Amino acid sequence: MANTERMAAAAHLHVALRRKAGRVTDTDWMARNDEYAREIVRVARARAAEDGDAALAGLADRLAALLDAGAPAPAPAVPLVERVAHRLRDAAPPGDEAGRYIGGLR
């Protein structure tokens, strides 16, 4: 659950910074890297103080609270192609010649 919350907080902060400050961030990296996330929180808080934007400050505080609580970063995603190839390899019956070409060169 914490992984989902951390990704959601990063995404909300990304959208707010994009709309209000014209700042583009990397949502995925923000959710995975604590140092980057803390810097984005610092930037968002500075912008919120400059503009008097309580909503932006609230989004920054939400992500900071998750970072301080030690919410784990999301696990790295496995590309769809690799997941499908793995399933096809596992589904091929033993001795099936066609199965040896799935996910590999022929």
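Summary of computed values
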| read-out | value |
| --- | --- |
| Within region 51-80, tally of residues that are at pLDDT below 90 and surrounded by 14 or more Cβ atoms within 10 Å (Cβ to Cβ) | 3 |
| Qualifying residue in region 81-99 (condition: at pLDDT 75 or above and either among the acidic types (Asp, Glu) or within 20 Å of His14 (Cβ to Cβ) (or both)) | yes |
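Yes or no, residue by residue, for (1) part of a helix (DSSP H, G or I); (2) of a type in the set (A, V, I, L, M, F, W, C); (3) closer than 16 Å to Ala69 by Cβ:
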{"position": "Ala8", "(1), (2), (3)": "yes, yes, yes"}
{"position": "Val15", "(1), (2), (3)": "yes, yes, no"}
{"position": "Arg19", "(1), (2), (3)": "yes, no, no"}
{"position": "Asp28", "(1), (2), (3)": "yes, no, no"}
{"position": "Glu35", "(1), (2), (3)": "yes, no, no"}
{"position": "Ile40", "(1), (2), (3)": "yes, yes, no"}
{"position": "Val43", "(1), (2), (3)": "yes, yes, no"}
{"position": "Ala46", "(1), (2), (3)": "yes, yes, no"}
{"position": "Glu50", "(1), (2), (3)": "yes, no, no"}
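The values are calculated or read from the model by the stated rules, or taken from the named source; none is laboratory data. These figures come from a predicted structure and were not determined experimentally. Here the Cβ is made from the backbone with ideal geometry for all residues, glycine too, and neighbour counts use every protein chain on show.
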